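Heads up: the structure comes next, in structure tokens.
The values are calculated or read from the model by the stated rules, or taken from the named source; none is laboratory data. This is a predicted model, so every value here is computed, not measured. Ideal geometry is used to build each Cβ from the backbone, glycine not excepted, and the neighbour counts take in all protein chains shown.
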């Protein structure tokens, strides 16, 4: 599947352009020097900085494009394959000189390190001493030609004369990058001189077949004496996979492209096999049209783009099969609905945002792939819900997989509602309940909508507790709604200054109606001192509850609905 993605990338109109168009130069000071007869003069100086939140650079697109070309061709493959063995100088060819700014102030950069750097660049065979290393360098040397020793020495002289006495202050922990523009040499060729000998995982694994060199790719791959289980023991050559020099260059550009996307926050990448196009998205966006192809989820690791998830998507549709109506099921006051997602939803991304915002309080999307130990949420129950549901929800929102999602939403939404009650989030839990009820209606459906049933129950219960005639409860749903109303009334009588919903917590885990009625009796004895014996509404609702025996299992939805809805016992009488 990965090779299919690489092949699609290779079919793109211009791989190099795709890489450079998405490239983001690292923060630092960039100096471009142009060759003159007497030495070099400064052509351009840029201070580059990326906004950590927006991922935007403080330079123009034209400046970014110009810097990206030379910067990309002068970077190390990774810090384990430097030219300078001390890793103080971090560029890969003599047309560039990169250091961390602090290397100038902490004394780590020395003339000896500079001399050693240029000594290796002037004769790479001093670095590539092993036969297989030499073999690879000879291939690239044949392609790009001999090193221009005159230009190299001229640049070395400028560096030694100026690097410790620059005409501006160099402070900070970011980069100082100097580039030299010279006639007769170019950055791309000099970059190749470094890249090919270092592009494979380890040249010891290389083999030569009919004049072509094959080796183990370096990206997302590790193989050494401590990892024998990674070898393929079923064949003569035990290296897991091999690629020739042409394939490996394409593969490098592909992973560079993934790195660039991850650096800009675009970690969800879709490879459309019908249009042969690549569509990258961040976590807040997703495909807006039907999709069929490959999906990669990537992350920016220290040295490379790590692939966290890979899948074949057969039919992703951003349009819902049927509209989802988010209803005000429990009848929240209209003025409290502003700013919340009520109404008709027709897009999958709208469901994603609703679930993230309303149920998970904006904590789900940022933590889809966060390591459990790194999830900075103090609410243990909320964190557990994220861990339990995130895989299923991610596959639904970003891949279109609906299998089992109804059960996940049923289970998780109830846990989150119970948690909000425990944390005394009065208004928040009302919106969460409406979201839950609307989703259950969407997935399971029924002859009648829950909103209609809830309104009927509430209207009937209102009539029953305001009459002097004998009445009775007609359904389990009405019974549990009435119990919720009664419990909320009891808790309102608590004498503590700050009344917490934690008093309701024991009722959220009750399984038996017998135990439920026993606890109601305990609450009655606890709070009856504050209840007027002539209270028609209280007497009626208590009588209705005590005289009814439910047939089915305890219904937490209607119990919670009654608890969080406006209390009918306190409802003002309407003027007639």
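Points worth noting:
- Criterion: modelled with pLDDT of 85 or more, more than 28 Å from residue 547 (Cα to Cα) and in contact with a strand residue (DSSP E or B) (Cβ under 9 Å, 6 or more places away or on another chain) - qualifying residue of 438, 413: 438
- Residue within region 11-21 that is more than 30 Å from residue 310 (Cβ to Cβ), surrounded by fewer than 17 Cβ atoms within 10 Å (Cβ to Cβ) and touching a residue at least 24 places away in the same chain (Cβ under 8 Å) present: no
- Filter result for the condition that a residue is within 16 Å of residue 178 (Cα to Cα) and touching a residue at least 12 places away in the same chain (Cβ under 8 Å), over 108, 156, 81: 156
- Residues located in region 157-167, provided they are in a helix (DSSP H, G or I) and farther than 16 Å from residue 42 by Cα: 160
- Evaluating residue 363 against the criteria (1) touching a helix residue (DSSP H, G or I) at 6+ places or on another chain (Cβ under 8 Å); (2) more than 30 Å from residue 481 (Cβ to Cβ); (3) not in a loop (DSSP other than H, G, I, E, B) leaves one unmet condition, (3).
- Within region 135-153, being surrounded by 16 or more Cβ atoms within 10 Å (Cβ to Cβ) and free of Cβ contacts under 8 Å to residues at least 40 places away in the same chain holds for one residue alone: 148.
- Flag for residue 39 being surrounded by 13 or more Cβ atoms within 10 Å (Cβ to Cβ), out of contact with any strand residue (DSSP E or B) (no Cβ under 7 Å at 6 or more places or on another chain) and in the same structural domain as residue 158 (by TED's automatic domain parsing): yes
- Of the residues making up region 174-201, just one is over 22 Å from residue 44 (Cβ atoms), in contact with a strand residue (DSSP E or B) (Cβ under 7 Å, 6 or more places away or on another chain) and assigned to a loop (DSSP other than H, G, I, E, B), namely 201.
- Residue tally, condition over 18 Å from residue 563 (Cα atoms) and in contact (Cβ under 8 Å) with a residue 60 or more places away in the chain, over region 465-477: 5
- Meets criteria (within 25 Å of residue 122 (Cα to Cα), surrounded by 20 or more Cβ atoms within 10 Å (Cβ to Cβ) and in the same structural domain as residue 123 (by TED's automatic domain parsing)) for residue 85: no
- Selection of region 310-340 for residues being free of Cβ contacts under 8 Å to residues at least 24 places away in the same chain and either part of a strand (DSSP E or B) or surrounded by 11 or more Cβ atoms within 10 Å (Cβ to Cβ) (or both) yields 314, 321, 323, 337.
- Restricting region 202-219 to residues that are modelled with pLDDT of 80 or more and assigned to a loop (DSSP other than H, G, I, E, B), the residue that is surrounded by the most Cβ atoms within 10 Å (Cβ to Cβ): 216
- Here residue 67 does not qualify as in a loop (DSSP other than H, G, I, E, B) and crowded, with 17+ Cβ neighbours inside 10 Å.
- The numbered conditions (1) within 30 Å of residue 526 (Cα to Cα); (2) assigned by TED's automatic domain parsing to the domain that holds residue 537; (3) surrounded by fewer than 17 Cβ atoms within 10 Å (Cβ to Cβ) are all true for residue 455 except (1).
- When 144, 185, 170, 139 are screened for being at pLDDT below 90, in contact with a helix residue (DSSP H, G or I) (Cβ under 6 Å, 6 or more places away or on another chain) and assigned by TED's automatic domain parsing to the domain that holds residue 39, only 170 passes.
- Tallying residues that are assigned to a loop (DSSP other than H, G, I, E, B), surrounded by 14 or more Cβ atoms within 10 Å (Cβ to Cβ) and more than 46 Å from the chain's Cα centre (by Cα) within region 530-576 yields 4.
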